[in-house]
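To start, the structure itself, in structure tokens.
The values are calculated or read from the model by the stated rules, or taken from the named source; none is laboratory data. Keep in mind the model is a prediction, meaning the values are calculated, not measured. Methodologically, a virtual Cβ is constructed for each residue, glycine included, from the backbone with ideal geometry; neighbour enumeration extends over all protein chains shown. Note: areas computed on protein heavy atoms with side chains; ligands, DNA, RNA excluded. Shrake-Rupley method; radii C 1.70, N 1.55, O 1.52, S 1.80 Å.
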Amino acid sequence: MNTRTLSPEDYWRAVVSRKWLVISAILVSLSIAGAVCALMPKMYQSATKMWFEGAKIEESIVSGPNPAGMGYAPTLDDRVMEVRQFVMGRKTLGQIAGEFGLFGYEKDRPDGVDSENAVRAMRGSIKVEPTKDKLFITLSFSNEDPIIARDVTSRLSDLFIEETLKDRERGVEAAEDFLGLELKHAKSELEAKEKIISEFKQLHLGELPQQIDANLRKLDRLQEDMRSQSEQSQSLSSRLIQIDKSIKDYEETGEIGSDSPIGGASKRNKDPRLGRIKELERRLVELSSMYKETYPDLVQVKEEIRKLKEMTSAQYRDLLPESDEADEPIANKKSKRKAIDPYHAELLKQREDIVLELDALKRRQAHISSEISQYERRVEHTPEREQRLKTLERDYENLQKNYQSLLDKKLSAGMQKSLAQGRKGAKFSIVDPAYTPVVPVVPNIPIIMAAGLVLGCALGFGGAVGLELMGRGFRSAEEVEVTLGLPVIASIPLYESAFGGSMQTVRALSGKNRASALLLPGSAQKGDDNIPVAGSLTATTGRGRGQNGQLHSPTPGLELVSMWRPLSFVAEQYRVAATRLELMTGDRKSTAIVVTSAVMGEGKSSTALNLGYVLAKDLDRRTIVIDCDLKRPMQHIYAGVWQHPGLVEVLRGTKAVEDCVQRLGETGPWILPAGAVGDNPLALSKMHQLADLITDLKERFDYVIIDAPPVLPLADMQVLASMGDLLAYVVKASMTGRDVVQKALKAIGDTTNVGVILNGLDAHTTPYYMQQEYYREAHHEQLK
């Protein structure tokens, strides 16, 4: 049964109508709960609260050596497990059961069957759990006797504390011995590591990290000395070359070169320019190897050579100073030079000194180079020595910290041992001692009674709603045909499936369309060739004209799905219904179809209008829809026509039928609205005039659709049912009760020409093929 369409009011009416069923279910459930509370054996529970404390010193020592310096910190769950393991132990339970004679425990036969069962029963009666605030541990025991429950709980807590103190004292002694051995071992390792570090520093003296700055400064000084010695050696080598050249020139020509340290004069019997030019050319070669062409000295030498070559020997002699020895014979000069030869001796002496000085410089450079290599090796090896030294020092620091930690723990162990021997360091203490229980924990009367109340309400309300649902409407065409024995003409889905939204959206759009007006082109037509009657019916489509002479007309409501969504499956089902109704007419030339329902709100008016629209538009049948529901007329709203003049005026004789009918578009059905109903409904005595009117209209139209009032609330339907050739009985799916539907059919009487239209199927009761558009692509284009 689909309950989504039920409103809260429906549920409330179902409960109110079966209130005695609900009350009876609640009373019975409460009675059963009370009986359970009275018959169940009573159990009392006593509890004590324990708090663990004073264990900080022990926690830091019993965990053994920890290089990280972190002690073991047991959590509350660990403490709970510790208490549970002790009190649930067979030894403890056997001792308690024997002392208090619980559950038939036999002291002489602790391994017997009765003793085993007693221990098992004891375990089921004991609970160890933390409190809700996670600060304390609760130890409880349950028994039929509250005094025994209290005494057993107190005895269990005492035994646990005594055993804890003993275990703690033993643990402290073992920890103290262990720490002594660890201290001895750590001290020996520490001393060995100190020796290794000392030997390492002695072996690699000069390559240690702290000596790197001194080595770099020494290396800079040596490199500076090496550069200075190199410059000095280069200068001496240049002097040696000059002296060697001077000696060679002197021995070959007898002249003293201009670059000689002593100096001299040219021979008088030769061209005085030659010696000077040679000297300047040697000087030019020397400067060219050392400087660029633009160097001032180099330019000056070149200029001097050019001038010497341009002048004559006589001009050059005139420039030289006069000498007293100018007229001395050459032979005498040579013999004198050879006899004394001081210049040659001086040159040789200078050369020897320079050679000795160069040898000393080379030895000094070799020594400096050796020192530089030595200090470079030291600098290169320093990172390796630093890494190794850091590793040794880190190991040493770890050993030192471990030793200090062990030393502190040994001191703490001594203090803990003193506290344990004096029983002043208790790890557990009793915060709330065991008490004598007054209220039993079993049975839990409030919970049992509340459960009985909830169960009674569930049974009562559930039964009331269930019975209500069992009598509710039909969900499928098969149920209608099986239950009523009548054919189902069509199954109409909810209109929201055609508009792609909820029913609230559809109703909102419908209300908006009803409140708006459209400008329709053209004017009122007098007569219609499709109506073969003498005299024409006026197609009244409005009651006023606009500024451009156009007529105003209300807009048809969205209930006219066949017009707004002609390609939807809802419209297709209306076409199916129209086709089947046409088949049911047989050979009749004209057929009057009465559309009704059991109660209002089942969609009979919208069904009548959509059938008329499909017959006129799609099947090309001359069709008129008459709104005969004078208590609640709806056709003028759904069709978008004016309400009056209408049927009331025709029956009262104030208007002719030709003046009251209005056509829905150019190819749609004709509409005869209800007219001015007012507060005074039409009397039943006018019904014979309605029969004559229907007979007259059947001669003019192929189909006369009569929107009749509901069957049950009103008396009009019994008269109108006899005026139609066929009766379309609209049933709201999942809403109209089956008993109501059957009662209305009995009121109608003859159901020979009755067909059922199941209206308002939702997605849960509609077959999957009825939830899709007939032409999906065309429907999308229509929405655009």
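Here are some notes:
- Odd one out for A192 among (1) hydrophobic (A, V, I, L, M, F, W, C); (2) exposed (fewer than 14 other Cβ atoms within 10 Å of the Cβ); (3) under 22 Å from P383 (Cα atoms): (3)
- Region 720-758, residues that are of a type outside the set (A, V, I, L, M), part of a helix (DSSP H, G or I) and within 13 Å of E481 (Cα to Cα): R738, Q742
- Members of region 572-591 found to be outside any helix (DSSP H, G or I) and either among the charged types (D, E, K, R) or open to solvent by 30 Å² or more (accessible area, probe 1.4 Å) (or both), listed by number: G586, D587, R588, K589
- Residues being among the hydroxyl-bearing types (S, T, Y), out of contact with any strand residue (DSSP E or B) (no Cβ under 8 Å at 6 or more places or on another chain) and open to solvent by less than 70 Å² (accessible area, probe 1.4 Å) are represented in region 637-658 by at least one member.
- Filter pass, K127 being out of contact with any His (no Cβ under 9 Å at 6 or more places or on another chain), open to solvent by 70 Å² or more (accessible area, probe 1.4 Å), touching a residue at least 12 places away in the same chain (Cβ under 8 Å) and within 14 Å of A434 (Cβ to Cβ): yes
- Cβ pairs under 7 Å, 6+ apart, first in region 1-20 and over 23 Å from E479 (Cα atoms) and part of a helix (DSSP H, G or I), second at pLDDT 80 or above and open to solvent by 40 Å² or more (accessible area, probe 1.4 Å): V15/F461
- Looking only at region 58-80, and only at residues there that are modelled with pLDDT of 80 or more and exposed (fewer than 13 other Cβ atoms within 10 Å of the Cβ), the one that is nearest to E397 (Cα to Cα): T75
- A Cβ distance below 9 Å, combined with a sequence gap of six or more or placement on separate chains, defines the contacts here; from region 182-211, residues that are within 30 Å of I372 (Cβ to Cβ) reach residues that are of a type in the set (S, T, Y) in the pairs G206/Y375; E207/T382; L208/T382; P209/T382; Q211/T382.
- Unmet criterion (only one of (1) open to solvent by less than 30 Å² (accessible area, probe 1.4 Å); (2) not in a helix (DSSP H, G or I)) for L205: (1)
- Candidates in region 334-392 are the residues that are modelled with pLDDT of 85 or more and of a type in the set (S, T, Y); of these, the one that is least open to solvent (accessible area, probe 1.4 Å) is T382.
- Selection status of L467, at pLDDT below 85 and over 44 Å from the mean Cα position of the chain (by Cα): yes
- Residue match in region 651-665 (condition: in contact (Cβ under 8 Å) with a residue 24 or more places away in the chain, under 20 Å from I489 (Cβ atoms) and assigned to a loop (DSSP other than H, G, I, E, B)): no
- A single member of V599, V594, V641, V625 is farther than 20 Å from G724 by Cβ, aliphatic (A, V, I, L, M) and not in a helix (DSSP H, G or I), and it is V641.
- Selection of region 274-313 for residues being outside any helix (DSSP H, G or I) and either modelled with pLDDT under 75 or under 60 Å from the mean Cα position of the chain (by Cα) (or both) yields Y291, K292, T312.
- Subset of region 440-480 (residues that are without any contact (Cβ under 8 Å) to a residue 60 or more places away in the chain and more than 29 Å from L21 (Cα to Cα)): E478
- If only residues of region 91-105 that are touching a residue at least 40 places away in the same chain (Cβ under 8 Å) and open to solvent by 40 Å² or more (accessible area, probe 1.4 Å) are counted, the one that is nearest to S142 (Cα to Cα) is F100.
- For region 168-184, the criterion of being within 19 Å of Y44 (Cβ to Cβ) and assigned to a helix (DSSP H, G or I) is satisfied by no residue at all.
- Search result, residues across region 602-617 that are open to solvent by 10 Å² or more (accessible area, probe 1.4 Å) and not in a helix (DSSP H, G or I): G603
- Contacts under 8 angstrom Cβ, first residue in region 296-311 being open to solvent by less than 90 Å² (accessible area, probe 1.4 Å), partner in a helix (DSSP H, G or I) and not hydrophobic (A, V, I, L, M, F, W, C), 6 or more apart: L298/S288; V301/R283; I305/E281; L308/R273; L308/R276; L308/Y316; M311/R273
- A single entry from L93, L159 fulfils the requirement of being at pLDDT 85 or above and more than 29 Å from M40 (Cβ to Cβ): L159.
- The test for being of a type in the set (V, I, T) and either closer than 30 Å to L406 by Cβ or in contact with a helix residue (DSSP H, G or I) (Cβ under 7 Å, 6 or more places away or on another chain) (or both) holds for V83.
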